1. Quick test for you: out of Phe121, Phe94, pick the one residue that is in contact with a Cys (Cβ under 9 Å, 6 or more places away or on another chain) and under 25 Å from Phe13 (Cβ atoms).
2. Determine whether segment 15-34 contains at least one residue that is touching a residue at least 40 places away in the same chain (Cβ under 8 Å), surrounded by 14 or more Cβ atoms within 10 Å (Cβ to Cβ), in contact with a strand residue (DSSP E or B) (Cβ under 6 Å, 6 or more places away or on another chain) and of a type in the set (Ser, Thr, Tyr).
3. Please find, among Lys167, Lys216, Lys193, the residue that is more than 22 Å from Lys153 (Cβ to Cβ), surrounded by fewer than 20 Cβ atoms within 10 Å (Cβ to Cβ), out of contact with any Gly (no Cβ under 9 Å at 6 or more places or on another chain) and of a type outside the set (Val, Ile, Thr).
4. Would a scan of segment 126-140 turn up a residue that is touching a Phe, Trp or Tyr at 6+ places or on another chain (Cβ under 6 Å) and either without any contact (Cβ under 8 Å) to a residue 60 or more places away in the chain or closer than 21 Å to Ile3 by Cα (or both)?
5. Starting from segment 271-298, take each residue that is in the same structural domain as Arg239 (by TED's automatic domain parsing) and in a helix (DSSP H, G or I) and list its partners that are charged (D, E, K, R) and buried (at least 19 other Cβ atoms within 10 Å of the Cβ), counting only C-beta distances under 7 angstrom and pairs at least six apart or across chains.
6. Could you tell me whether Glu139 is of a type outside the set (A, V, I, L, M) and in a strand (DSSP E or B)?
7. List, please: which pairs have Cβ atoms under 8 Å, are six or more places apart or on different chains, and start with a residue in segment 186-198 that is in contact (Cβ under 8 Å) with a residue 60 or more places away in the chain and end with one that is of a type in the set (Lys, Arg)?
Amino acid sequence: MNIKTLSSSSTKFSEISGILSTLEINKLYRVSDIVKLINQISNLHTETLKGIPYPEKFSSTDHAVWIDELYVDMTYQRVLNLRTLIKKIQGQGFIKGAAGTIDIATRVRDGERIQTVWDGFRRTIMAALCKYERIAYSETQHDQGANDKDCQKKEAGLFIVRNTNEKIKPEELFKAEVGNQDPTALEILDFLKDCNLDVAGLNPDARPLGGFSEIKSNFKGWNKNAVDPNTNNTYGWDRDSWITASKIIQKTWPNVNEDPVVSVYLLSNIAWVLTVMETCSTTYDDTEIIECLKNWMKENQSFKQKDITSAGFKNKHLVSLYIVNNILKDKNGLKDKLHSHLDEEQKKLFKTIM
């Protein structure tokens with residue numbers, strides 16, 4: 001695994017923060033490089049962190065590791081939010097006793113020991129910014145023959161166990177599960193790649209997806225499914241419908257500067273429309289749907305994906321019906337079939353958005 005060198009001549013908080021929020025997976029970074037980059041920020045120590053206490057240092061007899069010797073593998077780690085980290089140390093600095101120990105794992109590569117922080121990465125950065133050179137630690141030794149993938153998997157598994165009971169975002173947990181080579185997570189990642197979507201930097205060249213829980217709860221089976229009135233069966237899950245829905249959204253909103261993030265709710269709702277549409281005699285092709293979406297935006301002076309999901313109260317059955325009724329303006333049976341899925345309360349709500 002390559003060790004990625006971090007460098008920049010910038011002294012702006014926004015630019016440094018941007019670099020640190022996009023650290024790559026399958027790369028090792030020196031913690032000292034990250035700290036050096038943060039310390040470049042103008043006025044960081046003269047204003048932003050002015051007056052923070054520098055408490056008791058670690059003595060030579062403490063069980064502590066040199067921070068300069070540590071690395072981090074971002075394959076399973078959470079994205080580093082510099083603003084949040086800075087706020088944590090403003091006022092109180094780094095409290096040695098409260099911080100406890102960080103957890104490191106030692107990889108052996110070509111006879112060289114590589115010590116990676118698998119838990120406590122942020123605490124390590126905080127300590128370094130408060131002038132600590134060492135930090136208390138506990139250590140896990142990898143097997144001598146373990147390669148980088150084996151080490152990643154083990155460390156990601158430990159990270160998941162350690163952080164399961166914490167408030168961890170679904171995207172962050174998914175990233176760790178991929179690092180741990182969880183079969184379902186790897187399947188979902190392949191699916192996201194087919195959709196040209198990125199979650200947590202795992203497919204960095206693709207469009208970012210806003211939210212992840214909706215994907216997981218609808219993967220290979222529809223959450224809040226409905227019964228087809230013609231067959232009395234629930235609808236099947238079709239991978240191609242999601243891929244097509246993603247293409248429709250990305251072609252409708254091609255300008256990443258205006259609406260860069262693909263709405264997970266709109267993605268799910270369009271995929272649902274396409275799924276139900278396949279059971280109807282009359283269908284719409286991708287070009288028609290894109291044209292209708294663009295016409296709707298012009299007519300309503302609405303240019304954001306969230307305008308559509310909000311119009312349907314972020315309810316799957318209402319949003320999908322809103323798309324078909326107000327955007328596609330369907331009169332060929334698709335609208336009627338989607339309307340049949342509504343309960344009585346939803347039917348009342350639909351009357352307000354027609």
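1. Answer to the selection: Phe94.
2. yes
3. Going through Lys167, Lys216, Lys193 in turn, the sole match is Lys167.
4. Yes; the residues of segment 126-140 include at least one that is touching a Phe, Trp or Tyr at 6+ places or on another chain (Cβ under 6 Å) and either without any contact (Cβ under 8 Å) to a residue 60 or more places away in the chain or closer than 21 Å to Ile3 by Cα (or both).
5. Trp272/Lys316; Val276/Lys337
6. yes
7. Leu197/Arg207
So that you can scan it fast, the table gives a plain yes or no per residue for (1) assigned to a loop (DSSP other than H, G, I, E, B); (2) modelled with pLDDT under 90:
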{"residue": "Met1", "(1), (2)": "yes, yes"}
{"residue": "Leu23", "(1), (2)": "yes, no"}
{"residue": "Tyr29", "(1), (2)": "no, no"}
{"residue": "Ile34", "(1), (2)": "no, no"}
{"residue": "Glu47", "(1), (2)": "no, yes"}
{"residue": "Val65", "(1), (2)": "no, no"}
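The values are calculated or read from the model by the stated rules, or taken from the named source; none is laboratory data. Just so we're clear, the structure is a prediction, and the values are computed from it rather than from any experiment. Note that each Cβ is placed from the backbone with ideal geometry, even for glycine, and that neighbours are counted across all protein chains shown.
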